[in-house]
Amino acid sequence: MDLTTIWKTALGELEIVVSKPNFSTWFKETFIFQVDRGLVVIGVRNSFAIDWLTKYYKEHILKTLQKLIPDAELTEIKFKVSPPNSQTNIIFELPKTNSEIEEIKINEIISHSDRPDNPILNSKYSFDKFIVGTHNRLAHAASLAVASEPGKRHNPLFVYGGVGLGKTHLIQAIGNEILAKNPKTQIIYAPCERFANEFIHAIQTKRTEEFKKKYRNVDLLLIDDIQFLSGKEGTQEEFFHTFNALHQTNRQIILTSDRMPQAIPELESRLSSRFIWGMVVDIKSPDLETRAAILKQKCLEKGTKLDDNIIEFLAQTIQNNVRELEGALNRIIAHLELERIEPTLPVIRQILADHQSQKGSGLTCSKIFGIITGYYGLSNEEILNSRRTKEVVHPRQVLMYILRHELGYSYPQIGRELAGKDHTTIMHGVLKIEKELIRNAQLQQELADLKDQIYRPY
Ligand code: ADP
Ligand code: MG
């Protein structure tokens, strides 16, 4: 097994314990620079990454690597700023006896397919890999219709639903299908943040004309997670014109969001009203049968066979969303292959249990309450009551944000945990933190600290 493969495997494990934004910010373009006499050196992009990784994940990374390459007898880890591909100094080589492991197609084990930062369409996201159930039937039907006649029906198509339920997969499937039929189609797929960032960059560099040209001349525009337009006035204005330019000339627009257009706060009404001009469809959580069907399909794709009782066990245990289902399956396959064991129910239970404890779950609402009140020095009453001084409002909003993002609670559910607060209050709170996080480095640090406590494995 070479260092690249080892690092890929390690990243696969680390990805599970690091929050997604942190993972993509700090672990992107990292690699094993060198392994030498018990010291492993990790190449990173910049000195911020060194600080962050040293502070929060040093031990974790070291432990993970110790487990993966016991023969290297690692005792120390260092980070070093270096451009990717500068890994020249491979002193440590694994003994040949480990060569069986080479066969493992690690890329298939650890699927990175759901990374949102790929500018082009991901060919994995096709209709034939998309399982249809009652939870997404309408969204699927509307997507097929749009794929067969882009710009004619359902313009815009607006797909909304919770995280990990298949929105990105579905809209990229539309793009892929249209592109397959007509390879000349001009398509842009962009997460909303990219649209916003590019726009701001275009203003700063006085290249707004170029920006306009780029976005207003496509045949198909896919903007993912449009709720991030919230509060961004200038970008909303620009998107309004982009929308009109495309719509007036019958070019297809497809948007996704975590909520329906009218529920996106601080969004101009001329936009939210346009978003419902075409077709608005939601995707809900899959039911038990669909979860099982999805697992079976994913097993097929990954060339793994799991007994029905195991599929059923997984479908029953993992209920939140498809991304988690797939994550669990990837982990299981990786374990089975690395350890060369048969997938029996006790084995699977153990793998899931290990993961749960690793992730710090039974992560519970009350544990999170405990950590947050401890961190900000507040009592439970203070955080639950309705006083609106700055000292309590901020921690309260962080609490909402964490319950939403780490436990996947719905807004009404969080409202109930917070002494019956209204779900719009919760939505506002979560969004405030989401927005602030983009710019506020101190808040990023705060949340990294909190997550570190939340997911500390001991
Ligand atoms: P969202 O954009 O709603 O957060 P994604 O589209 O990223 O969710 O889906 C998360 C993962 O789950 C992806 O790997 C996707 O392929 C998979 N997935 C979601 N729904 C389905 C489905 N109905 N059939 C097959 N795979 C699915
Ligand atoms: Mg998505």
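For beta carbons closer than 7 Å, sequence separation of 6+ or different chains, a first residue in region 184-211 that is hydroxyl-bearing (Ser, Thr, Tyr) and a second that is more than 16 Å from ligand 1 (Cβ to nearest atom), the qualifying pairs are THR185/ILE178; THR185/LEU179; THR185/ASP219; THR185/LEU220; THR208/ALA202. Of the candidates LEU179, LEU220, the single residue that is among the hydrophobic types (A, V, I, L, M, F, W, C) and at pLDDT below 95 is LEU179. All of ILE341, ILE383, ILE368 fail the test of being at pLDDT 85 or above, out of contact with any Ser or Thr (no Cβ under 8 Å at 6 or more places or on another chain) and buried (at least 19 other Cβ atoms within 10 Å of the Cβ), apart from ILE368. Every test in (1) in a helix (DSSP H, G or I); (2) charged (D, E, K, R); (3) on the phi > 0 side of the Ramachandran plot is passed by LYS206 save one, and that test is (1). Restricting attention to region 257-290, the residues that are in contact (Cβ under 8 Å) with a residue 40 or more places away in the chain, polar (S, T, N, Q) and within 20 Å of GLN236 (Cα to Cα) add up to 1.
Within region 203-224, can one find any residue that is aliphatic (A, V, I, L, M) and within 13 Å of ligand 1 (Cβ to nearest atom)? Yes; the residues of region 203-224 include at least one that is aliphatic (A, V, I, L, M) and within 13 Å of ligand 1 (Cβ to nearest atom). Within the set THR304, THR256, THR317, the sole residue that is closer than 28 Å to ARG404 by Cβ and at pLDDT below 95 turns out to be THR317.
For region 144-175, a residue qualifies if it is assigned to a helix (DSSP H, G or I), surrounded by 20 or more Cβ atoms within 10 Å (Cβ to Cβ) and more than 10 Å from ligand 1 (Cβ to nearest atom), and the qualifying residues are VAL146, ALA147, ILE174, GLY175.
Residues in region 209-235 that are crowded, with 19+ Cβ neighbours inside 10 Å, outside any loop (DSSP other than H, G, I, E, B) and in contact with a helix residue (DSSP H, G or I) (Cβ under 7 Å, 6 or more places away or on another chain): PHE211, TYR215, LEU220, LEU221, LEU222, ILE223, ASP224, ILE226, PHE228, LEU229, THR235. Screening the candidates LEU336, LEU300, LEU271, LEU329 for the property of being surrounded by 15 or more Cβ atoms within 10 Å (Cβ to Cβ), within 15 Å of ligand 1 (Cβ to nearest atom), in a helix (DSSP H, G or I) and not acidic (Asp, Glu) yields one hit, LEU329.
Please go through region 306-326 and pick out each residue that is assigned to a helix (DSSP H, G or I), within 12 Å of ligand 1 (Cβ to nearest atom) and not acidic (Asp, Glu). Selection gives VAL322, ARG323, LEU325. Give me the residue from region 106-134 that is basic (Lys, Arg) and either touching a strand residue (DSSP E or B) at 6+ places or on another chain (Cβ under 9 Å) or within 14 Å of ligand 2 (Cβ to nearest atom) (or both) and, out of that set, modelled with the lowest pLDDT. That would be ARG115.
Residue-level check: of (1) free of Cβ contacts under 8 Å to residues at least 24 places away in the same chain; (2) in contact with a Pro (Cβ under 9 Å, 6 or more places away or on another chain), GLU59 misses just (2).
The values are calculated or read from the model by the stated rules, or taken from the named source; none is laboratory data. Worth saying up front: this structure is predicted, and the values here are computed from it rather than measured. Neighbour counts run over all protein chains shown; Cβ positions are idealised from the backbone, glycine included.
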